[in-house]
1. Scanning for something touching a Ser or Thr at 6+ places or on another chain (Cβ under 9 Å), buried (at least 17 other Cβ atoms within 10 Å of the Cβ) and of a type outside the set (Ser, Thr, Tyr), does the range 18-37 turn up at least one residue?
2. Could you look through the range 198-241, keep only residues that are among the basic types (Lys, Arg) and farther than 16 Å from Leu340 by Cα, and pick out the one that is nearest to the chain's Cα centre (by Cα)?
3. For Val140, work out the one condition from (1) buried (at least 22 other Cβ atoms within 10 Å of the Cβ); (2) among the β-branched types (Val, Ile, Thr); (3) at pLDDT 95 or above; (4) farther than 19 Å from Ala49 by Cα it doesn't fulfil.
4. Being over 21 Å from Leu201 (Cα atoms) and part of a strand (DSSP E or B) is the filter here; which residues of the range 119-136 pass it?
5. Taking only the range 271-323 into account, find how many residues are part of a loop (DSSP other than H, G, I, E, B), loosely packed, with under 13 Cβ neighbours inside 10 Å and either of a type in the set (D, E, K, R) or at pLDDT 95 or above (or both).
6. Which numbered condition in (1) of a type outside the set (Val, Ile, Thr); (2) open to solvent by less than 10 Å² (accessible area, probe 1.4 Å); (3) under 20 Å from Glu142 (Cβ atoms); (4) touching a Ser or Thr at 6+ places or on another chain (Cβ under 6 Å) is the only one that Asp63 fails?
7. Could you name every one of the helices (runs of 4 or more DSSP H) located completely within the range 196-269 that has at least 1 residues being on the phi > 0 side of the Ramachandran plot?
8. Scan the range 1-60 residue by residue and report those that are more than 25 Å from the chain's Cα centre (by Cα) and β-branched (Val, Ile, Thr).
Amino acid sequence: MKSAVRRTHGPEVLGGVGGFAGLFDASALRGYERPLLATSTDGVGTKVAIAQAIDKHDTIGIDLVGMVVDDIVVVGAKPLFMTDYIACGKLYPDRIAAIVGGIAEGCAQTGTALVGGETAEHPGLLGLNDYDVAGAATGVVEAGAFLGADRVQDGDVVLALASSGLHSNGYSLVRHIVAGAGIQYGDNAADLGGTWGEALLEPTRLYTTPLLRLIDALPGQVHALSHVTGGGIAANLARVLPQGTWVDIDRSTWSPAPVFRVLADLGHLDLGATEGTWNLGIGFLAVVSAGSADAAIGALQGEGITTWQVGAVRTGAVPEDGNGAFEHCAKGVDGGAVRLVGTYNTGGAV
């Protein structure tokens with residue numbers, strides 16, 4: 001575990017592993033004219049219950065980094081460092097090492113130093129095999145370069161970046177569906193290419209490094225980013241759009257992956273009923289200038305991320321044609337208006 005953590009350390013990290021506090025040399029920020037620190041904290045949610053059920057813990061840490069660090073890049077910030085917290089009923093060293101190893105792997109992929117953490121036993125509160133994970137990270141962005149709603153313009157193109165699967169949201173619904181169908185996580189899932197547990201533990205795709213490279217490659221052309229987590233596609237895009245704008249997300253531009261369709265069928269749900277819960281194949285959204293859309297798609301495709309246009313930003317009166325309800329705000333942010341329109345493509349993968 002210590003070896004994995006040390007591999008995330010650059011010269012800015014002081015003090016090694018195991019101290020009461022992690023140390024990061026802030027003189028690294030001297031190159032910024034006006035550095036803004038960005039911070040985020042999150043967990044993995046009830047996805048950990050599946051990891052516990054099949055005793056597989058090496059990818060949960062990657063999920064944690066995705067939930068925390070990929071929120072920071074939304075404002076265009078480069079992650080600097082992260083800390084983690086693991087609460088468990090009983091401390092099993094190999095299990096903790098596997099979890100932290102996954103966190104370190106995610107940090108290495110995103111250029112984030114894992115500078116500290118804490119593991120706590122809570123006997124009597126958590127069962128012997130129960131645990132939960134959380135983390136917090138800090139990044140930096142130049143004041144004149146941070147992304148957000150104020151940069152978004154009429155005619156900007158909305159690009160979708162494919163997810164690797166469910167990521168780390170909507171697992172309470174997943175577990176409810178699986179339990180209701182009488183499925184065990186060790187059972188073979190013929191349509192998903194493995195056991196149910198393995199398919200549902202597919203790690204979260206990490207977007208930070210490709211998106212930072214995109215921002216550098218297209219200066220001033222990436223206007224806003226949205227991480228599709230809890231609340232789904234429409235609600236999370238609405239958070240990064242200015243008031244007075246609206247977007248129709250065209251469902252026909254992609255086909256949700258089999259995992260979403262299989263689960264919806266098992267739960268006797270229409271895919272539309274899950275849009276506020278699952279990402280349905282879109283892990284991130286990028287709002288870019290219309291003239292740079294093709295270049296952005298090409299750059300992200302070159303990073304191995306399937307990317308396509310799902311809509312465009314419009315200003316003025318929001319249409320009232322009965323073609324679906326708009327999401328106007330989420331998590332306290334009163335932003336633009338977004339809705340999903342049309343019918344999902346059934347022709348296979350995106």
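The values are calculated or read from the model by the stated rules, or taken from the named source; none is laboratory data. Keep in mind that this is a model prediction, so the values were computed, not measured. As a convention, Cβ positions derive from the backbone with ideal geometry for all residues, glycine included, and neighbour counts pool all protein chains shown. Only protein heavy atoms, including side chains, enter the accessible area calculation; ligands, DNA and RNA are left aside. Shrake-Rupley method; radii C 1.70, N 1.55, O 1.52, S 1.80 Å.
1. Residues of the range 18-37 touching a Ser or Thr at 6+ places or on another chain (Cβ under 9 Å): 22, 24, 37.
Now drop any that are not buried (at least 17 other Cβ atoms within 10 Å of the Cβ), which leaves 22, 24.
Right, trim to of a type outside the set (Ser, Thr, Tyr) and you get 22, 24.
Yes, the range 18-37 contains at least one residue that is touching a Ser or Thr at 6+ places or on another chain (Cβ under 9 Å), buried (at least 17 other Cβ atoms within 10 Å of the Cβ) and of a type outside the set (Ser, Thr, Tyr).
2. Let us first name the residues in the range 198-241 that are among the basic types (Lys, Arg), namely 205, 213, 239.
Now restrict to residues that are farther than 16 Å from Leu340 by Cα: 205, 213.
Working: Arg205: 7, Arg213: 17 Å.
Out of the qualifying residues, it is Arg205.
3. So the condition that Val140 fails would be (1).
4. The answer is Thr119, Ala120, Glu121, Pro123, Leu126, Ala136.
5. Taking the range 271-323 and keeping what is part of a loop (DSSP other than H, G, I, E, B), we get 275-281, 289, 303-306, 313, 316-323.
In the following step, the residues that additionally are loosely packed, with under 13 Cβ neighbours inside 10 Å were identified as 304, 316-317, 320-323.
Still in the list and also either of a type in the set (D, E, K, R) or at pLDDT 95 or above (or both): 304, 320-321.
Residues meeting the conditions: 3.
6. In the conditions (1) of a type outside the set (Val, Ile, Thr); (2) open to solvent by less than 10 Å² (accessible area, probe 1.4 Å); (3) under 20 Å from Glu142 (Cβ atoms); (4) touching a Ser or Thr at 6+ places or on another chain (Cβ under 6 Å), Asp63 misses (3) alone.
7. Working: elements: 196-200, 208-217, 232-238, 258-266.
Where helices (runs of 4 or more DSSP H) fall fully within the range 196-269 and carry at least 1 residues being on the phi > 0 side of the Ramachandran plot, they are 232-238.
8. Across the range 1-60, the qualifying residues are Val13, Val17.
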